[in-house]
Amino acid sequence: MRWASALSEEPIVEVAAECARRELQSELGDIEPDLVLVFVSEHHAADYEEVLGMLRRAVPSAVLIGCSGGGVVGAGREVEHAPALSLTAAVLPGVDIRPFYMDSATVEAVSERPDTWGEVIEDSDREHDGDPTHFILLPDPFSCDPRSLLTSLDEAYPSGAKVGGLASGGQSPGGNALFIGDDLYREGAVGVALSGALHVDTIVAQGCRPVGGPLFVTKAFCNRILELDGRRPTDLLGELFSSLGRHDRRLVRTSLFLGVVMTEGLPEYSQGDFLVRNLVGVDSETGVIAVAEVVEAGQVVQFHVRDADASRQDLEALLRGYAGAEDRQPPLGALMFSCLGRGEYLYGEPDHDSRLIQAHLGKLPLGGFFCSGEIGPVNDRTFLHGYTSSIALFRSRSN
């Protein structure tokens, strides 16, 4: 298995595509890639079809997928607010690669019938001799519901990793581009299913840190929490606010979230145990808080805050944990799907997350884009996230 990633910031699209192609060729030599992912900034929107045609001619035998992005990641770098095109290529011997496109009607149908996923990806054998099937997904946010899509996919292929992001750059329906093979689509979703001689590891950095302590949900209805530890949630929130220092009080006012523990019975909780969700309402009269997730009585939750330091510490802790795992060889390539709200907007500097990845895992080929929503697992379930960097790390089965 070999991976390579290239990035061009040339403003003329023909030059950008050719520069990126040559950079890939210099890394791979005469070896033809089996899979190529292309991410193109919205600055090249008028030339999306031309980009696709050029790349199709350059790598005629490779599976080609990709999309438009509000920012682009390639060659281990991040480009925001400027023209950019990235190519990430993989040579995948012994890997079954099945690209697929779903229009919005198919997305809706497969969300209702998970047993039809095999038809979508032309897969008659879901087990593959016990091998998991992994997915890279690139949906359009204006034309499909990614949450129900992910729930359906988890049911159909529970053991595989699902990563990706919502296409970005377009400001209205039809403004994004989805690339697959020779075709460009403006709605639906594209993706690729991978099975065989590879491992796909995931890191989902949600960019928050907990404040206060864990709390039991003692009464809830849908996404509304009526009681925490038998008390009004707003009363506990007020006590938490009073106990914090000035910096964290400011974050509670502007960047407060709720983490929901996804595994029951843990003796303590750490990064990766929480699904972090926005607070969408606080009713001071009834004491009820509403969160962007269905919550049930008996679940454990904890308030979280988010800023640049919290995001940095979160990602560093997850990367240290991954790098320190025993009996696992380093990955050979990576994809990063990062929120449009991260990057320079959050950190005030370019290349923050990509630099951290390479500092902890080595200078591996890294591509991706800045998304309108990020796809990645928390424990054994796949979710659509915000403010997140969802990272896929690829290793050969022989490793």
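Looking at the square roots a ≥ b ≥ c of the eigenvalues of the Cα gyration tensor of segment 159-296, which shape do they give, rounded for a/c under 1.5, prolate if a/b is larger than b/c, or oblate? Walk me through the intermediate numbers first.
Working: a/c = 2.39, a/b = 1.81, b/c = 1.32.
It comes out prolate by the Cα gyration axes.
For the chain, build the charge dipole from Cβ charges (+1 Lys, Arg; -1 Asp, Glu) around the Cα centre, then report which of 291, 252, 318 sits farthest towards its positive end.
Positive-most Cα among the choices belongs to 252.
Could you put 3, 117 in order of accessible surface area, largest first, with the 1.4 Å probe and the full protein assembly present? Walk me through the numbers on the way to the answer.
Working: 3 20, 117 0 Å².
Output order, biggest surface exposure first: 3, 117.
Using the basic label-point model (7 angstrom from Cα toward the beta carbon), what is the residue 379 to residue 30 distance in nanometres?
Between residue 379 and residue 30, the simple spin-label model gives 5.2 nm.
With the other protein chains left in place, how much accessible area per residue, in square angstrom, belongs to segment 52-203 at a 1.4 angstrom probe? Don't skip to the answer; put the middle values down first.
Numbers: 5410 Å² over 152 residues.
Counting only protein heavy atoms, the per-residue value for segment 52-203 is 36 Å².
In whole percent, and with a 1.4 Å probe on the protein chains, what portion of the accessible area of segment 234-379 is carbon and sulfur?
Numbers: 3070 of 6620 Å².
Exposed carbon and sulfur together represent 46 percent of the surface.
Could you calculate the contour length gain from residue 347 to residue 244, that is, 0.36 nm times the residue separation minus the distance between their Cα atoms, to one decimal place in nm? Walk me through the numbers before you get to the answer.
Details: separation 103, 0.36 × 103 = 37.08 nm, distance 2.33 nm.
That pair, residue 347 and residue 244, stretches by 34.7 nm at full extension.
7 Å from Cα along Cα→Cβ at both residue 268 and residue 328: what's the point-to-point distance in nm?
Each label point lies 7 Å from its Cα, and together they span 2.1 nm.
When a/c reaches 1.5 or more, the comparison of a/b and b/c decides; with that in mind, is segment 73-125 rounded, prolate or oblate per its Cα gyration tensor? Before the final figure, lay out the partial values.
Numbers: a/c = 4.19, a/b = 1.64, b/c = 2.55.
Oblate, because a/c is 1.5 or more while a/b does not exceed b/c.
Taking K and R as +1 and D and E as -1, what net charge do the other residues with C-beta under 10 Å from the C-beta of residue 70 add up to?
Numbers: positive: none; negative: 42, 80.
Net of charged neighbours comes to -2.
Arrange the peptides 305-318, 186-199, 78-91 so that the one whose residues have, on average, the most other Cβ atoms within 10 Å appears first.
Packing proxy ranking, top to bottom: 78-91, 186-199, 305-318.
Cα gyration tensor of segment 18-134, axes a ≥ b ≥ c as square roots of the eigenvalues: rounded (a/c below 1.5), prolate (a/b > b/c) or oblate?
On the way: a/c = 2.29, a/b = 1.43, b/c = 1.60.
Verdict is oblate for segment 18-134.
From the protein chains alone at 1.4 Å, what is the descending order of accessible area for 250, 57, 342, largest first? Don't skip to the end; give the middle numbers.
Working: 250 115, 57 175, 342 0 Å².
The ranking, largest first, comes out as 57, 250, 342.
Can you find, among 389, 303, 194, the residue sitting farthest towards the positive end of the charge dipole of the chain, where Lys and Arg contribute +1 and Asp and Glu -1 at Cβ?
Final value for the positive-end residue is 303.
Hey, got the dipole for the chain? About the Cα centre, +1 on K and R Cβ, -1 on D and E Cβ, debye to the nearest 20?
1140
Using Cα atoms only, what is the angle between the long axis of helix 308-323 and the major principal axis of the chain, expressed in degrees (0 to 90) to the nearest 10?
The answer is roughly 60 degrees.
Can you give the Rg and Dmax of the chain based on its C-alpha atoms, in angstrom?
Considering the chain through its Cα atoms, Rg and Dmax are 21.2, 69 Å.
What is the percent carbon and sulfur in the accessible area of segment 115-205, measuring with a 1.4 Å probe over the protein chains and ignoring ligands? Before the final figure, lay out the partial values.
Working: 1440 of 3310 Å².
The value for segment 115-205 is 43 percent carbon and sulfur by accessible area.
Which distance in Å, rounded to a whole number, links the C-alpha centroids of segment 313-361 and segment 170-198?
Each part's Cα centre sits 25 Å from the other's.
Give me the distance in nm between label points sitting 7 Å out from Cα along the Cα-to-Cβ direction at residue 151 and residue 231, one decimal.
With each label point 7 Å from Cα toward Cβ, the separation is 3.3 nm.
Hey, what do the phi angles of segment 352-358 turn into as Karplus ³J(HN,Hα) couplings, whole Hz, using 6.51/-1.76/1.60 and θ = phi - 60°, x for Gly and Pro?
Going residue by residue, I get 4, 5, 5, 5, 5, 4, 6 Hz, with x marking Gly and Pro.
Under 12 Å from the Cβ of residue 145, count the other residues' Cβ atoms, weight Lys and Arg +1, Asp and Glu -1, and hand me the total. Each step should come with its number before you reach the end.
Working: positive: 147; negative: 108, 112, 140.
Neighbour charge sum, excluding residue 145 itself: -2.
Report the calculated FRET efficiency for residue 309 and residue 171 (r = Cβ-Cβ distance, R0 = 35 Å), to the nearest 0.05.
Details: r = 31 Å, r/R0 = 0.89.
With R0 = 35 Å, the Cβ-Cβ based efficiency is 0.65.
Name the residues whose placed amide hydrogens come within less than 5 Å of the amide hydrogen of residue 226, ignoring near sequence neighbours (fewer than 5 apart) on the same chain.
Counting only residues 5 or more places away or on other chains, the set is 219, 220, 221.
Quick one: length gained pulling residue 360 to residue 221 fully straight, 0.36 nm per residue minus the C-alpha distance? Intermediate results must be reported in sequence, preceding the final value.
Details: separation 139, 0.36 × 139 = 50.04 nm, distance 4.22 nm.
Length difference between fully extended and current span is 45.8 nm.
The values are calculated or read from the model by the stated rules, or taken from the named source; none is laboratory data. None of these values were measured; they are calculated from a predicted model. Methodologically, a virtual Cβ is constructed for each residue, glycine included, from the backbone with ideal geometry; neighbour enumeration extends over all protein chains shown. Ligands, DNA and RNA are stripped out before the accessible areas are found, and what is left, the full protein with its side chains, is counted by its heavy atoms. Shrake-Rupley method; radii C 1.70, N 1.55, O 1.52, S 1.80 Å.
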